[in-house]
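Here is the structure we will look at, set down as structure tokens.
The values are calculated or read from the model by the stated rules, or taken from the named source; none is laboratory data. These numbers were taken from a predicted model, which means no experiment stands behind them. Reconstructed Cβ throughout: ideal geometry from the backbone, glycine too, with neighbour counts over all protein chains shown. The accessibility values were calculated without ligands, DNA or RNA, using every heavy atom of the protein model including side chains. Shrake-Rupley method; radii C 1.70, N 1.55, O 1.52, S 1.80 Å.
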Amino acid sequence: MSASAALLSIEVLDYDFMRRALVAAVLVGLAAPATGVFLVQRRLALIGDGLGHVAVTGVALGLVLDRAPVFVALITAVIGAVVLELIRSRREAVAEMALAILFYGGIAGGVVLVSRAPAGGRSLNQYLFGSITTTSTSDLVTFGVLAVVVMTVTVALGPALFTVSSDEEFARASGLPVVPLNLTLAVLSALTVVISMRVVGVLLVSALMVVPVAAAQLVTRSFRSTYLAGILVGAVVSVSGVVASYYLDTPPGGTIVLFAIGLFAVTLIAQALVRALR
Amino acid sequence: MTQPEALPPVPVVRLVGAGFGYEGVVAARADLVVQAGEVVALLGANGSGKSTIIKGMLGLIDHLGGEVEWFGRPMASFRERWRVGYVPQRELAASPVPATLDEVVRSGRVARIGLLGRYRAADRRAVARAIRTVGLDERRRTPVRQLSGGQQRRALVARALAGDAEVLVLDEPFAGVDHESQEALAATFRDLAANGVTLIVVLHEVGPLEGVVTRSVCIDNGEVLYDGPPGQRPASMPDDPDPHGGHDHHHSGDHEQRPRLGLLP
């Protein structure tokens, strides 16, 4: 490690809030692409956005009721995910419309509800745009538990989730419990959204689920390697984004997502150059 | 003391007045019994209902009355789904996330290993065997999106075989496949049939499977119009869906007892 790198890392780690922010970044960086890879495979890459908006209603409700906003957001996001999946499984033709209604209803409900909250809209901002540096120790415990659940379930159910995400009709013909598996993935998405919203904000939640996977698939050949590379990219851009935001004095959420998009763009250009040189 | 009579063989699949459709509306109704080892071609024009019948018998669309049994068990309580391999009428969907041929074929084994199961040596051997059967041994590590259309169809057959299926249900396996790949697929089906695998194949025409098909079932307007040896057809069929069908193939099952409509001499 170079002297300057050592200096940087020591300074960042001097502060409790930065240590907690980095742990949160690793947890989110691992969990978001672990769910995202299955959503991308199912062509539901933007569902995270819809669930993020539903979570806004939950956060606002938590603020109005003076109850833990993260917990209330978790409940509303899970309910939203389950409702959306049940609509999709019965009436696929209207699924996109249902997602749009959920999307707008979530944000509208959140905006109206938060106007009744004692602190008004100020508290909502940290959920809309992320506020990783205000992560508390109890937040870390919640994020840790949720991240472990997400990672464990995606690994344990990996073969079945891959099958149902790749070809739902074949999965049904094989006798797999398609609806429960899709509901499981929907709930995992809701959990991931709630963990990620404190880090990157609900407006960028989907980016952390999708962009690391998009970057990984540029260089991988198998689903397994895309899963592993996706969570590696997610963790690296999350940590480097938090560190960079400290020195550049930029919002961590946006910085993380720009790092992820930058990595995607660099990989894409490098790949094109390699092809051109062959 | 007399010997007890041998029990009749349990059919692979048995449909009795089975109706299938969408959103409660019956689109096709069929009586059909297929015995082990048969190669049954479901023939008919586009929109005749042949794909509806196989999707219905697999539980992929609404089951609207009548009976469906797999290996003697009602479809709702038939748990050994790996005994039936399904090959849909399409290439592998162009997936946004890469997956190797090995991974895709392995997904045909999931019903065997169970929801929380892991792939073991026996599963890996079965996957390798299925890939070898369709002649794609050298492409195991290739992302499926880099395979040609014909190779992707063969990959779907391998996926259906990976669970050691005893019967394959194939929906138009030759549609959109070039002549060379059709020959390769037909050779695979010939070998499978010779090894006792039951085949139920939706086809527009017997074509590449001439000499392999042991029985033709002609569908029109959601009904079975003819069920018998290939090469014959009902006069009421709108066009000849079986122009190359062979003759004099043995077939079994109780379809011979059913009335045949307007058979040509």
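Counting only protein heavy atoms and a 1.4 Å probe, the protein assembly as shown has 44 square angstrom of accessible area per residue. Screening chain A for whole DSSP H helices with an alpha carbon extent of at least 24 angstrom along the helix axis and a mean Kyte-Doolittle hydropathy of at least -1.0 yields A:16-41, A:47-65, A:69-90, A:95-114, A:137-156, A:178-200, A:223-248, A:252-277. Near residue B:198: Cβ cut-off under 9 Å, other residues only, Lys/Arg at +1 and Asp/Glu at -1. The net charge is -2.
The Cα atoms of the protein assembly as shown give a gyration tensor whose axes a ≥ b ≥ c have a/c of 1.5 or more with a/b greater than b/c, which makes the shape prolate.
Note: the range A:30-103, Cα convex hull, 80 Å³ per residue.
Only protein heavy atoms count here; on that basis, with a 1.4 Å probe, residue B:172 has an accessible area of about 20 Å².
Per the accessible-area calculation with a 1.4 Å probe, the total area buried between chain A and chain B rounds to 2600 Å².
Principal semi-axes of the equivalent ellipsoid, √(5λ) from the alpha carbon gyration tensor of the range A:143-278, are 29, 22, 11 Å from largest down.
Residues whose amide H falls under 5 Å from that of residue B:64, counting only those 5 or more places apart or on a different chain, are B:19, B:20, B:21, with hydrogens built in the peptide plane. The calculated pair-distance distribution of the range A:3-273 uses every alpha carbon pair, bins of 5 angstrom beginning at 0, and gives 1, 6, 13, 17, 18, 17, 13, 8, 4, 2, 1, 0 percent. With viscosity 1.306 mPa s and temperature 10 °C, the Kirkwood radius over alpha carbon pairs of the range A:65-126 converts through Stokes-Einstein to a diffusion coefficient of 122 µm²/s. Here the range B:30-76 is treated as an ellipsoid with the same Cα gyration tensor; its semi-axes, largest first and in whole Å, are 18, 16, 8.
Loop only by DSSP, 16 or fewer other Cβ within 10 Å of the Cβ. Give me the trypsin sites (Lys or Arg not before Pro) in the range B:26-105 that pass, ordered by residue number. Loop-located and lightly packed - B:79, B:90. Taken residue by residue and averaged, Cβ atoms of other chains lying within 10 Å of the Cβ of B:101-109 number 4.
Taking all Cα pairs closer than 8 Å and separated by 6 or more residues, the relative contact order of chain A comes to 30 percent. Remark on residue B:224: its backbone amide H falls under 5 Å from those of B:31, a criterion applied only to residues 5 or more positions apart or on other chains, H modelled at 1.01 Å from N. Of the solvent-accessible surface of the range A:3-273, computed with a 1.4 Å probe over protein heavy atoms with every protein chain present, carbon and sulfur atoms account for 72 percent.
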